[in-house]
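The values are calculated or read from the model by the stated rules, or taken from the named source; none is laboratory data. These numbers were taken from a predicted model, which means no experiment stands behind them. No Cβ is skipped: glycine too gets one built from the backbone with ideal geometry, and neighbour counts run over all protein chains shown.
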Amino acid sequence: MSDRAIGKVVQVIGPVLDVQFDGEHMPELYNALEIDAPAPGGGEGGSAGTISVVAEVQQHIGRDQVRAVAM
């Protein structure tokens, strides 16, 4: 089994991301988050690929969410 937790980006303000996780699988402070998303126009049948962003967890903000800063 992988030691990775899967979260959901719930808010983006500039380089700051709020990401929600299952309460049992919250990443620790200063851990890296790898965020992958389909590139615009890259849906089914598209060839644009994915966009990847790495962010660092800076704070646990409650509601099973962390605040991270994109690198």
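Data for the structure
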read-out: Looking only at the range 17-32, and only at residues there that are of a type in the set (A, V, I, L, M, F, W, C) and surrounded by 14 or more Cβ atoms within 10 Å (Cβ to Cβ), the one that is nearest to residue 54 (Cα to Cα); value: 17
read-out: Any hit, the range 33-43, residues being modelled with pLDDT under 85 and surrounded by 10 or more Cβ atoms within 10 Å (Cβ to Cβ); value: yes
